[in-house]
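Take a look at the structure below.
Computed from the coordinates by the stated procedures, all read-outs in this text should not be read as laboratory data. Because the structure is predicted, anything quoted here is derived from the model rather than measured. In this analysis, Cβ positions are derived from the backbone assuming ideal geometry, glycine residues included, and neighbour counts consider all displayed protein chains.
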Amino acid sequence: SSTKLLIKGGTVVNAHEMEVADVYVEDGIIVAVRPNIKVGDDVTVLDATGKFVMPGGIDPHTHLDFEFMGTQTIDDFFSGQAAALAGGTTMHIDFAIPVNGSLLSGLEAYEKKSKKSCMDYGFHMAITKWDEVVSKEMEIMVNEKGINSFKFFMHYKGSLMINDELLLQGFKKCKSLGALAMVHAENGDAAYEGQRRMIELGITGPEGNALSSPPVLEGEATARAIKLAGFVNTPLYVVHVMSIDAMEEISRARKSGLKVIGEPVVSGLVLNDSWLWDPDFITAAKYVMSPPIRAAGHGKALQAALSMGTLQLVGTDHCTFNSTQKALGIDDFQKIPNGVNGIEERMHLVWDTMVESGQISVTDYVRVTSTECARIFNIYPRKGAIRAGSDADIIILNPNSSFEISAKSHHSRSDTNVYEGWRGKGKVEVTISGGRVVWLNDELKVFPGSGKYVEMRPFSYLFNGIGKADAKYLSSLKAPVKRFRATT
Ligand code: DUC
Ligand code: ZN
Ligand code: ZN
Ligand code: ZN
């Protein structure tokens, strides 16, 4: 079939420039971007005059259909992606989780779960243990399965957490494969100790989550991961940077020339921990995630870091549980399933908080919500760009229209929303996914199975120069100087 689409008269925005132009799409691919494109009457025309035409958002960090803390996220690949599309996100990268430590079994399970996809998606793979089998499976992931990033949990002692020795082995393997190492950076041993302390003190409510793992533990783990990645000389991606402590470690590392990427998530940028003390359990519990949402001040500092390039792209950690599931922790915060929504809200909240407020430009908005993610995970310019040959994943944003967030109108299956009542400026009026208009006039038209798996290749731009640095180091070791002599 041939779907032909013309987006007329909008301001086309890419990560480094914008221009008034038309965008012509055929069969899911952008064919031309230039002013005054003439077409026949078999073409659907969308008027974008006075609006921004931008690459669809790419969310680098989601957990759909995730079995976690004794329950399952309420959003699966269909409902989570439908929500994403309604909010202007056209691709996400989810974390595939091993089954009993097996990467292949884990990926197989996620391949099944993602069959109902209605937008394009990719996978990171988590590493939860280390042995020869895992090492071999990492090779298969990179060389045959289209995965180019691996996440290591330094938190969740007793389940997902791995120790420093394994972290080093994993980093070395990532480097040899050209895959990007990612970390959830919290000191899991200390957070565990913090939880024991809370229980001793009789603190069992949602605030116990934040009190048991304060910013210093995030800063410590972030610094440790950065230093170990530097020791191995491989790039590092720090997921969900929630605190000034972690952000400052990333800033210092980048200034010293290390290849470290920092990903703030929307909740960390725009929320603060005040809700965690709400006397109503569910009101407070819906904000429980790890790392915890911090005291006011951290979010503002993260926004500033994003605007200055210290942090590079925005994710969500979308990991939704409804009130009934959150209530599993009514007597003990340690049993509250960790996670908040965001996949549908990210594009609007970053626009409202960063662009509407004047902190970043419209081109920077495209960079932090789409293009940088595509570059880091090596799918640019197929994704993250409005240009001939790229996938037709496109949004039309009206800067003069407004949005309002509510669980009553959102598309996630969750019965709550951590951004409930937020009103802001700048609305995604149209979402085009793979050349099809899926969101228009507040109506969603999505079909399970229409989303494609996007394979990601190793050795993204982050690996440029890494081999050279190693060669220099190794050649410096070739003629060792004997510093000590046996004395007689
Ligand atoms: N943190 C969360 O809040 N949810 C999913 C996993 C994680 O690290
Ligand atoms: Zn066709
Ligand atoms: Zn995490
Ligand atoms: Zn996560």
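The phi torsions of the range 155-172, fed into the Karplus equation with coefficients 6.51, -1.76 and 1.60 and a -60° offset, translate into couplings of 10, 6, 4, x, 10, 8, 5, 10, 8, 5, 4, 6, 4, 5, 4, x, 4, 4 Hz, rounded to whole numbers, with Gly and Pro shown as x. DSSP bridge analysis restricted to the chain gives an antiparallel fraction near 50%, rounded to the nearest 5.
A simple spin-label model places pseudo-atoms 7 Å from Cα toward Cβ; at Arg457 and Ser357 they are separated by 3.9 nm.
With respect to the chain, whose longest principal axis is taken over its alpha-carbon atoms, helix 244-255 is tilted by about 90°.
If the chain linking Phe447 and Glu67 were pulled fully straight, counting 0.36 nm for each residue of separation and taking away their Cα-Cα distance, it would gain 134.4 nm. If R0 is 25 Å, the Cβ-Cβ spacing of Asp189 and Ile140 corresponds to a FRET efficiency of close to 0.20.
The H on the amide N of Asn417, modeled in the peptide plane, is under 5 Å from the matching H of Ala407, each at least 5 residues off or on a different chain. Amide H contacts of Leu180 (H built 1.01 Å from N, in plane; Pro and chain starts excluded): Ser149, Phe150 sit under 5 Å, all sequence-distant by 5 or more or on other chains. Couplings 3J(HN,Hα) of the range 16-32, computed from phi: 10, 7, 9, 7, 6, 7, 9, 10, 10, 10, 9, 6, x, 10, 6, 9, 8 Hz, in residue order, whole Hz [Karplus 6.51 cos²θ - 1.76 cosθ + 1.60, θ = phi - 60°; x for Gly and Pro].
Counting only alpha carbon atoms, the long axis of helix 298-308 and the longest principal axis of the chain meet at about 70°.
Hey, if you put +1 on the Cβ of every Lys and Arg and -1 on every Asp and Glu Cβ in the range 233-286, which of Val241, Gly268, Ile282 ends up farthest toward the positive end of that dipole? Toward the positive end, the furthest listed residue is Val241.
Placing unit charges on each Cβ (+1 for Lys and Arg, -1 for Asp and Glu) gives the range 127-171 a dipole about its Cα centre, and among Phe153, Ser135, Phe171 the Cα reaching farthest toward its positive end belongs to Phe153.
Ranked for footprinting exposure by Cβ neighbours inside 10 Å, fewest first, Met119, Met18 give Met18, Met119.
Ratio of Rg to Rh for the chain: 0.99 [Cα atoms; Kirkwood radius as inverse mean 1/r over pairs]. Taking the fewest neighbouring Cβ atoms within 10 Å as the starting point, the ordered list for Arg457, Arg254 is Arg457, Arg254.
A cut-off under 15 angstrom between Cβ atoms defines the neighbours of Arg197, and their net charge, with Lys, Arg +1 and Asp, Glu -1, is -3. List the relative contact order of the chain as a percent without decimals, with contacts defined as Cα pairs under 8 Å and 6+ residues apart. Here the relative contact order equals 21 percent. Charge dipole of the range 271-385 (Cα centre as origin; +1 on each Lys and Arg Cβ, -1 on each Asp and Glu Cβ, all else neutral): 460 debye, rounded to the nearest 20.
For the chain, a simple Cβ point-charge model (Lys and Arg +1, Asp and Glu -1, everything else neutral) yields a dipole of about 1920 debye relative to the Cα centre.
If each DSSP helix of 4+ residues adds -39,500 (n - 2.57) and the sum is divided by the residues in the chain, what number results at 222 nm, nearest 500 deg cm²/dmol?
-9000 deg cm²/dmol
Summarising the amide proton neighbourhood of Ile29: residues at separation of 5 or more, or on other chains, whose placed amide H is nearer than 5 Å comprise Ala392. With the charge dipole of the chain set up from +1 on Lys and Arg Cβ and -1 on Asp and Glu Cβ about the Cα centre, the Cα lying farthest toward the positive end among the listed residues Val20, Tyr419, Ile330 is that of Val20. The phi torsions of the range 190-197, fed into the Karplus equation with coefficients 6.51, -1.76 and 1.60 and a -60° offset, translate into couplings of 6, 5, 4, 4, x, 5, 4, 4 Hz, rounded to whole numbers, with Gly and Pro shown as x.
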